[in-house]
1. Among the listed residues 248, 194, which satisfies the condition of being buried (at least 22 other Cβ atoms within 10 Å of the Cβ), touching a residue at least 24 places away in the same chain (Cβ under 8 Å) and either touching a Gly at 6+ places or on another chain (Cβ under 8 Å) or not hydroxyl-bearing (Ser, Thr, Tyr) (or both)?
2. Are any residues in the range 254-275 under 22 Å from residue 57 (Cα atoms) and either free of Cβ contacts under 8 Å to residues at least 60 places away in the same chain or of a type in the set (Gly, Ala, Ser) (or both), and if so, which ones?
3. Quick check on residue 19: is it within 27 Å of the chain's Cα centre (by Cα) and either aromatic (Phe, Trp, Tyr) or within 30 Å of residue 248 (Cβ to Cβ) (or both)?
4. So, residue 78, is that one within 13 Å of the chain's Cα centre (by Cα), part of a helix (DSSP H, G or I), surrounded by fewer than 17 Cβ atoms within 10 Å (Cβ to Cβ) and of a type in the set (A, V, I, L, M) or not?
5. Filter the helices (runs of 4 or more DSSP H) completely within the range 86-140 down to those with at least 3 residues that are more than 23 Å from the chain's Cα centre (by Cα).
6. On the basis of being in contact with a helix residue (DSSP H, G or I) (Cβ under 8 Å, 6 or more places away or on another chain) and among the hydroxyl-bearing types (Ser, Thr, Tyr), does residue 22 make the cut?
7. When both residues are 6+ apart or on different chains and their Cβ atoms are under 6 Å apart, which pairs have a first residue that lies in the range 153-164 and is under 16 Å from residue 109 (Cβ atoms), and a second that is buried (at least 21 other Cβ atoms within 10 Å of the Cβ) and among the polar types (S, T, N, Q)?
8. Do the conditions hold for residue 242, that is, is it buried (at least 20 other Cβ atoms within 10 Å of the Cβ) and without any contact (Cβ under 8 Å) to a residue 40 or more places away in the chain?
Amino acid sequence: MKLIGEKGVQRILLGTAFSAISALLLIALFILSEGLPFIFKYGINDFLFSSEWQPQANKFGIFAMITASIWVTLGAMLVGAPLGVAGALFLSEYANKTVMKIIKPTIELLAAIPSVVYGFIGVIVLAPLIREYLGGPGLSLLAGSIVLGIMILPTVISISIDSIMAVPNSYREGSLALGATTWQTIHMVTIKAAKSGIIASIILGLGRAIGETMAVIMVAGNSVNIPGSALDSVRTLTANIALEMSYATGLHRQALFATGVILFIIIIILNSIASVAIRKRAVKK
């Protein structure tokens, strides 16, 4: 009976695992089946490298939105990655345990805040400040980057802390015993030992930034153009899908699914690059 019970549990877990994978594959197949025919019919060059998005005139160029998505994501990483890693190093290496026990759960709680709340704060507080002190409409690429950078902080900080705390204390003790300072130990030993985990945290933050929708819709301005500066209004791929899918029909609807295909491919490429980088680091170790 015990053996039968164990086999039954194994089958249940196996079925659950395959159901999750199957759901992901079905989603991917649905998006590809809806979007790829349009891409080939409309033309890959016209779709990817044209900036004219005018559904009423059957013009569906998404180059401006691809550019905007990349710039907003890079801006978010410039804001969130350094702050997140620095915060993780401070909490894990300098702060005492009491402070760590209070602040870390608080930071993790920030990940549960709905993105619309971040977007609302960006519209009410950040956009007017940018408009008053830097110029432009306020709702811009810069505002989107800052809001997304703040949104990815909990992910980067939490995972980086776990990676840093996983480094054996013997590494630190050996470095200090050889005469290294605390910062030298952190820089030359701790960070290098925890590098794979830190990179993984940044990649997860990158994935959230490029896939975020509601906050970007609220603070980026949603103008379809290639940004000439950080103060220009932009529209990302995710924002375009969310804004227009509710009323799109015919070619317009197919074009939005094709936009989802491009976004899907971009995320796969980024994750693949990250995975290769992590493996190379692990091999070097």
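Rule-based calculations on the coordinates, nothing more; no lab input. Worth saying up front: this structure is predicted, and the values here are computed from it rather than measured. Every residue, glycine among them, receives a Cβ derived from its backbone with ideal geometry; neighbour counts consider all protein chains shown.
1. Values: 248 fails: buried (at least 22 other Cβ atoms within 10 Å of the Cβ).
Matching residue, one of 248, 194: 194.
2. Passing the criteria: 255, 256, 258, 260.
3. Working: within 27 Å of the chain's Cα centre (by Cα): yes; either aromatic (Phe, Trp, Tyr) or within 30 Å of residue 248 (Cβ to Cβ) (or both): no.
No; evaluated as a whole, the condition is false for this residue.
4. Values: within 13 Å of the chain's Cα centre (by Cα): yes; part of a helix (DSSP H, G or I): yes; surrounded by fewer than 17 Cβ atoms within 10 Å (Cβ to Cβ): yes; of a type in the set (A, V, I, L, M): yes.
Yes: the conditions hold for residue 78.
5. 97-110, 127-133
6. No.
7. Hits for this filter: 156/201; 159/201; 161/92.
8. Details: buried (at least 20 other Cβ atoms within 10 Å of the Cβ): no; without any contact (Cβ under 8 Å) to a residue 40 or more places away in the chain: yes.
Criteria not met by residue 242.
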